[in-house]
Amino acid sequence: MYSDVIELVGVVNLGEDDLGQEIEKEVPRQVFCDRKCIPQNEFFQAGISGIKAAHMFEVSTLDYQDETKVRYNDKIYYVYRVYEKANERVELYCEVKARG
């Protein structure tokens, strides 16, 4: 049973503009999840790689479609690691990126 909701943010390619640049649109989808703490060893390993680990969300394997952004509590997080579990669930390890 899931206890929380996130938005997985996918991207749809709408074609090209007059200059030949791709036009993309973000498409968010709400899915149920369990938010869990980042394990201590994961937090430190991510930090060594320059990643600021923030949250781990567990979602159904059927709900995850290779999205790289997650919106949670009106904040955007980026998926830096995906771990597929045996129980038809996927762990999404998410980071905060500095603006700029």
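Here are a few things to note about the model shown:
- Those residues of segment 30-44 which are more than 19 Å from D4 (Cβ to Cβ) and either in contact (Cβ under 8 Å) with a residue 24 or more places away in the chain or in a loop (DSSP other than H, G, I, E, B) (or both), in sequence order: E42
- So V27, is it surrounded by 11 or more Cβ atoms within 10 Å (Cβ to Cβ) and modelled with pLDDT under 95: yes
- Residue match in segment 7-21 (condition: among the polar types (S, T, N, Q), within 24 Å of E88 (Cα to Cα) and surrounded by fewer than 14 Cβ atoms within 10 Å (Cβ to Cβ)): no
- When segment 14-31 is limited to residues that are more than 26 Å from V59 (Cβ to Cβ) and acidic (D, E), the one that is farthest from the chain's Cα centre (by Cα) turns out to be D18.
- Total residues in segment 45-60 satisfying the condition of being assigned to a helix (DSSP H, G or I) and either touching a strand residue (DSSP E or B) at 6+ places or on another chain (Cβ under 9 Å) or within 21 Å of V11 (Cα to Cα) (or both): the figure is 3.
- Conditions (1) surrounded by 11 or more Cβ atoms within 10 Å (Cβ to Cβ); (2) over 11 Å from V96 (Cα atoms): number failed by D74: (1)
Okay, residues lined up against (1) in contact with a Phe, Trp or Tyr (Cβ under 9 Å, 6 or more places away or on another chain); (2) not aliphatic (A, V, I, L, M):
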| position | (1), (2) |
| --- | --- |
| P28 | no, yes |
| I38 | yes, no |
| N41 | no, yes |
| L62 | no, no |
| N73 | no, yes |
| Y78 | no, yes |
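- D63 closer than 19 Å to A86 by Cβ, assigned to a loop (DSSP other than H, G, I, E, B), modelled with pLDDT of 90 or more and not aliphatic (A, V, I, L, M): yes
The values are calculated or read from the model by the stated rules, or taken from the named source; none is laboratory data. Treat the numbers as computed from the prediction; the structure is a model and nothing was measured. Ideal geometry is used to build each Cβ from the backbone, glycine not excepted, and the neighbour counts take in all protein chains shown.
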